[in-house]
1. In square angstrom, rounded to the nearest 10, how much accessible surface does Leu273 have for a 1.4 Å probe?
2. Taking all protein chains as present, what is the carbon and sulfur share of the accessible area of the stretch 182-284, in % to the nearest whole number, probe 1.4 Å?
3. Show that you can apply the helix-only estimate: for the chain, add -39,500 (n - 2.57) for every DSSP H stretch of four or more residues, divide by all residues, and state [θ] at 222 nm to the nearest 500.
4. Binning at 10 Å from 0, report for the chain what percent of all alpha-carbon pair distances ends up in each bin.
5. Can you tell which of Thr63, Thr48, Thr161 shows the greatest fluctuation in a Gaussian network model of the chain with Cα springs below 10 Å?
6. Over the stretch 193-323, what is the relative contact order in percent, taking alpha-carbon pairs closer than 8 angstrom and at least six residues apart?
7. With all protein chains present, how much of the accessible area of the stretch 14-159 (probe radius 1.4 Å) comes from carbon and sulfur, to the nearest whole percent?
8. Provide the per-residue ³J(HN,Hα) series for the stretch 194-200, in order, calculated from phi with Karplus coefficients 6.51, -1.76, 1.60 and θ = phi - 60°, each as a whole number of Hz, with x at glycine and proline positions.
Amino acid sequence: MSPESQIQDVVNSVYEKYAGLNEGEVATYIPELSKANPHHFGISIVSTDGVVCSAGNYEQEFTIQSICKPFAFLLALEGHGREGTLARVGVEPSGDAFNSIELDPKTLRPYNPMINAGAIAIASLIKQNPPEAGVRAFVERMGKAAGRSLRIDQDVLASETFTGHRNRAIAYLMLNWGVIEGEVEQILFQYFSQCSLLVNCRDLAMLGATLANMGSNPVTGQRVFDFQYVKDVLTVMFTCGLYDHAGEWAYHVGIPAKSGVSGGIVAVVNRQLGIAVYSPRVDAKGNSVRGIAACRELASQLGLHAFEFTNVGSSFMQWLSAD
Ligand code: DON
């Protein structure tokens, strides 16, 4: 049996195993998100040599929400370097909810770029003038990583703009402390637009595989991100990607990942795989219930945990010889 059909069998079996898991609720605090179908469930895996395996509703589009955050962090690092970016945001897990209204009391910066405060600080770095240009640059880069052109869901963007007062409070707190500068509404336009990017599960796995492949899309072969910053992003995904569930995730799954409140999770096996799960029922911490269960099962069946003795990182050698 080819490695491709072996992986497809594992994906199918994980899909079957968790298709009946109906715990969690669709997020409603952004009203437009409440329209998601709670039964949707998709899984995709893309390897760094371009093999794609999927099951379920993997072509169903949804807004990327917080999964935009690691990619926005990468763009900030490219534009401002480590010093310029880390002057605005830390790399420390907060152990708090994604939308907590707090800054690190020692540094007066947001704890990390995966929580909303940090992501808004990052948005202030990558926004452009006019504001549409910054959004366009983000959408284009994400499209290159996904291997197809992507677009913003204008209804979700409007819904979040009208109701996102907690994010406004966070932004004004940071304006007060000098973490961000300029027009709060323009910064939030960048952040809310990033969150409203439409992707499907396959796109998300391709985005993950582009990180796993050191910044190059494994199917198109196009270099998308500056590889020197990929390790910064994967590190912060590993320690902070699942917010106040990050420790449990590192223990049980053991690979860098990022979740979004619309029900997506992307996970990255360095030099090997991008994995994505979509299922909109989320737990109290805003993480997809089926997504966590499916990733845990995939990591176990495929031996993906970073410290798993069977994970030999063999595709790194393939990557070196292919370059
Ligand atoms: O800022 C917000 O509330 C949303 N746009 C994103 C939140 C999110 O995805 C949290 N992750 N689980």
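The values are calculated or read from the model by the stated rules, or taken from the named source; none is laboratory data. Just so it is clear, the model here is predicted, and its values are computed rather than measured. To get the accessible areas, we keep the full protein, side chains included, count just its heavy atoms, and leave off ligands, DNA and RNA. Shrake-Rupley method; radii C 1.70, N 1.55, O 1.52, S 1.80 Å.
1. Accessible area of Leu273: about 20 Å².
2. That share works out to 51 percent.
3. -14500 deg cm²/dmol
4. 6, 30, 38, 21, 5, 0, 0
5. In the Gaussian network model the winner is Thr161.
6. Once normalised by length, the contact order is 22 percent.
7. 46 percent
8. 4, 5, 8, 5, 8, 9, 10
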